[in-house]
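The structure under discussion appears below in the form of structure tokens.
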Amino acid sequence: MQKNTKAIIKPPFFEIGPKQYIYGDAILELAKIADEASQRHNVQVIFTPPFPDIRMVAESTRKAIMSVLMPVAVKTINSTAG
């Protein structure tokens, strides 16, 4: 099932971004609860699951908007004052 890739976000909405503190079954349970609350209260939910769980959460929710936080490589530059 393919979802709309361009969502229009308008108030009221709330955002859930659990970082990497919960994942797997726990993130799926939270996403389903948020999705149900979104439908019941007519409020948009922006959900940012951990990268490995995006597909599972997107396929298991109906109204939640998935937000993807991409891992970013950080390069440290050593400088020498001279």
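Read phi for every residue in region 10-15 and hand back ³J(HN,Hα) as whole Hz from Karplus 6.51 cos²θ - 1.76 cosθ + 1.60, θ = phi - 60°, with x for Gly and Pro.
9, x, x, 8, 9, 10
Within a Cβ distance under 10 Å of residue 48, other residues only, what is the Lys/Arg minus Asp/Glu net charge?
So the surrounding residues net to 0.
Can you give me the convex hull volume of the Cα atoms of region 13-66, divided per residue and expressed in Å³?
That works out to 58 Å³ per residue.
Residue 37 versus residue 10, label points 7 Å from Cα toward the beta carbon: distance in nm?
The two pseudo-label positions are separated by 2.3 nm.
We did not get these values from a lab; they are worked out from the coordinates using the rules stated. In this text, all values refer to a predicted model and were calculated from it rather than measured experimentally. Positions of Cβ are backbone-derived with ideal geometry, glycine not excepted, and every protein chain shown enters the neighbour counts.
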